[in-house]
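Participant: If you scroll down you'll find the structure; I have some questions about it.
The values are calculated or read from the model by the stated rules, or taken from the named source; none is laboratory data. What you see is a predicted model; the values in this text were computed from it and never measured. In this analysis, Cβ positions are derived from the backbone assuming ideal geometry, glycine residues included, and neighbour counts consider all displayed protein chains.
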Amino acid sequence: MSYRSIKRYLGENNLERKCLFLFGTCLLLLIGASFWWVEINAERLVLNTTRSNGRDLVDTIMLKTHFERWETGGDRKQVVRRLIEDLEHQEQDYSYEILSNDRAVISSITSRPLADSSERDIFKTLVAKMAQQEEQKRLAEQEQSPRPPTGGEPLTTQDLIEPTHLELPPVFADRPFPDQDEYHYFEPVYWARNCRACHSDQQNVAGELPMLVIKVVIPYKPTQDLIARNRAILFAAAIITVALAMGGLYLIVRYVIVKPLQHLREVSDEISHGNMTMRAEIHTNDEFEELAASFNKMLQHLTDAQQEMRDLNVDLDARLDELAQLNVRLYEMNRLKGDFLANMSHELRTPLNSIIGFSDVLQGIDSLNEKQKRYARNIQKSGRLLLDMINDILDLAKMEAGRLEVRLSEFRIDSVIHAQCDMVRAQAEEKNIDLEVNIQPETPALFQDQVKVQQILTNLLSNAVKFTPEGGRITVSAHMAKNGMLHLSVADTGVGIPEEDREIIFEKFRQSKTVLGEDGLTREYSGTGLGLSIVKEMCKLLGGEVTFDSELGKGSTFMVKLPWTCHSQARRDTHLDNKMHELTRPKRVDFHRAESEAAPDGEVRPTPEPRNV
């Protein structure tokens, strides 16, 4: 199984299966390794038991052989015979052979020579092991022998004690033959010092080297059965252990871990279906109970927040209704304002035009004296001033309503500048003000709204003449920038704008309140305070902007930036119109539908546009 398969299996299953799978895998590995180690040791123990049995049988064979050949008197023969009978009764099913590589020994003892190469190899191995053990014994005896006296000191009793024998492992060899149901055990028989008393007549008493090997053949089936029985017991114990562990784990995971989580999931499902009264009830006195308490606190907090949100929604609905009513009133007031401006356009401009016209006629009558002519000029001047104010108010109202149209045409900017300067030149000469014009030569034709550009320049020039004292200077400059914009500037040497009034200078009906050395601009200079507001809105309408730089007492410079070629639509909404539309846009009531339902003819009555005379 690859890593991706394991990851997909763990990701697609629930917590219970994951725990059982992971714990079961680890448990199988641990138990398998443990029982494998136990089985190996059990097999080794059984084999050691079989070897020990073979070693005991060799001792029995040696005793039986010596008893049979032991020369004793009449009484002792009876005892020896009984001992032999007891040994024969205690014997198990086995057979043995005495092997030797010495012909003299073979002839004197019931033995046979080595039959095959495997027996000869075993014989050589045993001889080598015996020689190694004899060498170890000799070295041990030399180390444990009494030390000679030195310095005339007598030997102690400890020095005269016989050296202890070195404990060495038994020398043997074995070969199991499971297919033949035999186990062959080989153990050497060597001549010891205590054997010389009885075997002194033997010719090959060589001292300590092995001369005989006893081969014991034991049935191997009982050993195999014992190993198989132990293996079966181990396998059964492993299976039972794994089954019990998996069962215990299932119960622990099912009732200790999964059941509280399922309860939390059921509560969450009920809450998701709208049952907000459900609460988690877990009483386990552990982390799950703390989790349930935190879950209930969170749920209570959500319930409280939801209730607060409902209360806020009710309050918001009430405020929206109130706002809708205010929007209805505002819409009605805006409509009334349009009607008022239309009536004012008709009712005021027509009489003013008549007054201005009759004042022109009066000035042409020769029978009037100088005083009467001065009165006629004052009437004409005041009428034109009032007409300009009305025109400013109407233009600003059109821009706010988004009804100011842009009529694009191609014209020369130098011609427009010279024409507008000629219009205010008479007023400038009355105050002895120098009016200079600096225009970049050979400029291409400008594609803009000529009327709007003229009105922008006229308002800037009028402000410059109004706020520039006698003997001052006004400079009008125009050039084409590298980015394709028209840079138009009007600079004067007037009173300037103080720092605190620079943020409000473009607002409607606002003028600077500070005049250098006087009481204030609003008292010395007349006007509606709409000139710069109209300039700013018209610049935005034409796709440009207006900025200024001023220093109190030294003058001001107003800079207008307009696209040299305007790609505007025939009609564009201004910034003020966007704000007004956002303010007056109905939120929850379709006012146009209400108007259409209220109109007797089923049509929406639009706001009347101011009429120009």
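Participant: Residue check, residue 436 against (1) farther than 30 Å from residue 356 by Cα; (2) under 60 Å from the mean Cα position of the chain (by Cα), all met but one. Which one?
Facilitator: (2)
Participant: Just need a number here: residues in the range 34-64 that are surrounded by fewer than 16 Cβ atoms within 10 Å (Cβ to Cβ) and among the polar types (S, T, N, Q).
Facilitator: Adding up the residues that qualify gives 5.
Participant: Shifting gears a bit: Can you work out which of the residues in the range 400-430 that are at pLDDT below 90 and among the basic types (Lys, Arg) is surrounded by the fewest Cβ atoms within 10 Å (Cβ to Cβ)?
Facilitator: Within the range 400-430, the match that is surrounded by the fewest Cβ atoms within 10 Å (Cβ to Cβ) is 407.
Participant: Would you call residue 426 in a helix (DSSP H, G or I), under 60 Å from the mean Cα position of the chain (by Cα), more than 18 Å from residue 543 (Cβ to Cβ) and small (Gly, Ala, Ser)?
Facilitator: no
Participant: I'd like to check which helices (runs of 4 or more DSSP H) are fully inside the range 35-144 and have at least 3 residues that are modelled with pLDDT of 65 or more.
Facilitator: Per the criteria, 74-90, 117-144.
Participant: Determine whether the range 474-491 contains at least one residue that is surrounded by 15 or more Cβ atoms within 10 Å (Cβ to Cβ), modelled with pLDDT under 90 and within 18 Å of residue 435 (Cβ to Cβ).
Facilitator: So far as the range 474-491 goes, no, none of its residues is surrounded by 15 or more Cβ atoms within 10 Å (Cβ to Cβ), modelled with pLDDT under 90 and within 18 Å of residue 435 (Cβ to Cβ).
Participant: Also, quick follow-up: Of the residues 408, 404, 385, 394, which is in contact (Cβ under 8 Å) with a residue 60 or more places away in the chain and in contact with a strand residue (DSSP E or B) (Cβ under 7 Å, 6 or more places away or on another chain)?
Facilitator: Of 408, 404, 385, 394, the one residue that is in contact (Cβ under 8 Å) with a residue 60 or more places away in the chain and in contact with a strand residue (DSSP E or B) (Cβ under 7 Å, 6 or more places away or on another chain) is 408.
Conditions tested, residue by residue: (1) β-branched (Val, Ile, Thr); (2) at pLDDT below 70; (3) touching a His at 6+ places or on another chain (Cβ under 6 Å).
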site	(1), (2), (3)
196	no, yes, no
200	no, yes, no
203	no, yes, no
207	no, yes, no
212	no, no, no
222	no, no, no
229	no, no, no
239	yes, no, no
245	no, no, no
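Participant: All but one of (1) assigned to a helix (DSSP H, G or I); (2) modelled with pLDDT of 80 or more; (3) assigned by TED's automatic domain parsing to the domain that holds residue 97 hold for residue 255; state the number of the condition that does not hold.
Facilitator: (3)
Participant: Would you check which residues across the range 479-489 are over 15 Å from residue 547 (Cα atoms) and part of a strand (DSSP E or B) and list them?
Facilitator: 479, 480
Participant: What pairs come out if I take residues in the range 174-188 that are of a type in the set (Lys, Arg) and pair them with residues that are surrounded by fewer than 20 Cβ atoms within 10 Å (Cβ to Cβ) whose C-beta lies under 9 Å away, six or more apart or interchain?
Facilitator: 175/118; 175/182
Participant: Looking only at residues in the range 492-513 that are of a type in the set (A, V, I, L, M, F, W, C) and under 57 Å from the mean Cα position of the chain (by Cα), which one is farthest from residue 439 (Cα to Cα)?
Facilitator: Per the stated criteria, the residue is 509.
Participant: Here is a check on your reading of the model: is residue 361 surrounded by fewer than 16 Cβ atoms within 10 Å (Cβ to Cβ) and among the β-branched types (Val, Ile, Thr)?
Facilitator: For residue 361, the condition - surrounded by fewer than 16 Cβ atoms within 10 Å (Cβ to Cβ) and among the β-branched types (Val, Ile, Thr) - is met.
Participant: Please work out which residue is farthest from residue 354 (Cα to Cα), limiting yourself to the range 367-392 and to residues that are aliphatic (A, V, I, L, M) and surrounded by fewer than 18 Cβ atoms within 10 Å (Cβ to Cβ).
Facilitator: The selected residue is 368.
Participant: A further question follows. Name every residue in the range 219-248 that is among the small types (Gly, Ala, Ser) and exposed (fewer than 12 other Cβ atoms within 10 Å of the Cβ), in order of residue number.
Facilitator: Scanning the range 219-248 gives 228, 232, 236, 243, 247, 248.
Participant: Another question, if that's okay. If you check residue 454 against the conditions, is it within 19 Å of residue 547 (Cα to Cα), in contact (Cβ under 8 Å) with a residue 12 or more places away in the chain and in the same structural domain as residue 553 (by TED's automatic domain parsing)?
Facilitator: So residue 454 fits the description; yes.
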